[in-house]
Amino acid sequence: MSKLKIGLALGGGGARGAAHVGVLQVLHDRGLRFDHIAGSSAGATIGAMYAAKQDPYWIEKHFYQFMDSAVFKALGTDRMSGDHDPDSVFSQFASSIRDQVVIMMARNRRSIIRREKLEQCIDYLLPVKTFNELNIPLEVITADLQTGQAVVYNTGDLVEAVTQSSSIPGFVPPLQKDDYLLVDGGIVSPTPLNYLRNHVDFALACDISKRISKPLRKMDIISISIRSEQVTNLALNKQILAQADFIIRPEVSGLHWSRFDNFERLIQNGREAAEAIYEDLVREIKRHKRWGYKFKHWLKVKL
C-alpha cells in the first residue's frame, strides 16, 4: 500500500497565527509529519517557517525574538487593536474619535503601514529566502484585487510571496505587478484547503478565523461594514473547510489580528486544541489508509 500523503492548510489571522505554532508543537511531538503545506497570510508565514526548519519550538523562540526587535516595533501593531475594554465609556469615546480619524486618513492614504516595513518583518522571520530551500513543498496564496482570483506561489522568492500574502488591504498597500493588484491571500482563501487537496490524500486544516463572539452593539457605518465583511469571510471559510478531512479549531475568540500581546496564550490554546482531538485525528488518518476507503475515494474522483 502506498504511503498516505498528509497535507496541512494554515489559515490567516495575524497574531492569531500563534495558535498554529501550538498545534504544530503537539503534532510534531507525537510524530506527525506533513508532505505538503498551504498557507494564507499568517498561515503562509508559519507554514514557511515550519517548512524550512521543521521545528515548531524554534518558531516560538524566533517569534519572541522578533517581537522584541526594532523591526517589529517599527510596525506599530500595538496602536491598531484598540482598547482592551471595549464597553467602557472612555473606550467608546476613544473609538468614536479613532473612527473619524480613520475616515479622514482613508480619503488621503492607500495604507497605514508602508510595505517595506512588512517586508522587513517577513525577511526577519523566514530562515530561508527561496522556495527551493524549503524541506516541505509549500503553496503561498495571495489575492488579485483586479480579478478577484487567487495567485499561488510555490517557486521563486519566498519572502516576496509571503509578504504579498500578508498584505492586509487598507493596512498595507497592494503590490502592483504586471496587471495584478496583489493583497492578503485570506481574501480569497481564508484557510487554503482548495490549493492543497490536489497534492495530498489527507488534508488537515487549522482554522484560526476570527469568530463572532459578541452581539453587534454599535450601529454606525464602520461597525456594520466590518461585521458584514466578517460574516462574508466566515461563510466563505465554512464552504472551503468542507473540503477538509479533519479540522483543528484553536480558541482564538474575537481577537484582532494585531493582538500580539496575546501570543503566549494563543500558543497554549493551539496546544490544548491539538491535544484534545489528537486521538480522533489518528483514527481518521488510519481510516483513510484502509484499502476500501482509498478505493471508494478513487472511484469518486474518476466518476
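The values are calculated or read from the model by the stated rules, or taken from the named source; none is laboratory data. All figures in this text were calculated on a predicted structure; none of them were measured in a lab. Glycine gets a Cβ as well: all are built from the backbone with ideal geometry, and neighbour counts include every protein chain shown. Side chains are part of the model used for accessible areas, which takes the heavy atoms of the whole protein and leaves out ligands, DNA and RNA. Shrake-Rupley method; radii C 1.70, N 1.55, O 1.52, S 1.80 Å.
Considering only segment 152-171, state which residues are surrounded by fewer than 23 Cβ atoms within 10 Å (Cβ to Cβ) and at pLDDT below 95.
Start the filter on segment 152-171 by keeping residues that are surrounded by fewer than 23 Cβ atoms within 10 Å (Cβ to Cβ), which leaves 152-157, 159-160, 168-171.
Result: Ile168, Pro169, Gly170, Phe171.
Would you say Asn237 is open to solvent by 40 Å² or more (accessible area, probe 1.4 Å) and either touching a Pro at 6+ places or on another chain (Cβ under 8 Å) or among the aromatic types (Phe, Trp, Tyr) (or both)?
Judged against the criteria, Asn237 is not a match.
With the requirement that a residue be open to solvent by less than 70 Å² (accessible area, probe 1.4 Å) and part of a helix (DSSP H, G or I), what does segment 191-230 give you?
Hits for segment 191-230 are Leu193, Asn194, Tyr195, Arg197, Ile222, Ser223, Ser225, Arg227, Ser228, Gln230.
If you take the residues in segment 1-60 that are touching a His at 6+ places or on another chain (Cβ under 9 Å) and in a strand (DSSP E or B), which one is surrounded by the most Cβ atoms within 10 Å (Cβ to Cβ)?
My answer is Gly39.
Given (1) under 18 Å from Leu10 (Cα atoms); (2) free of Cβ contacts under 8 Å to residues at least 24 places away in the same chain; (3) assigned to a strand (DSSP E or B), identify the lone condition not met by Val183.
In the conditions (1) under 18 Å from Leu10 (Cα atoms); (2) free of Cβ contacts under 8 Å to residues at least 24 places away in the same chain; (3) assigned to a strand (DSSP E or B), Val183 misses (2) alone.
In segment 68-82, is there at least one residue being in contact with an Asp or Glu (Cβ under 9 Å, 6 or more places away or on another chain) and at pLDDT 70 or above?
Yes - at least one qualifying residue is present in segment 68-82.
Name every residue in segment 207-237 that is at pLDDT below 90 and closer than 14 Å to Ala9 by Cα, in order of residue number.
Correct list: Ser209, Asn237.
Give me the pairs: first residue in segment 122-147 and part of a loop (DSSP other than H, G, I, E, B), second residue surrounded by fewer than 17 Cβ atoms within 10 Å (Cβ to Cβ) and of a type in the set (A, V, I, L, M, F, W, C), beta-carbon distance under 7 Å, and six or more apart or on different chains, which are they?
Filtered contacts from segment 122-147: Leu134/Val128; Leu145/Leu181; Gln146/Leu181.
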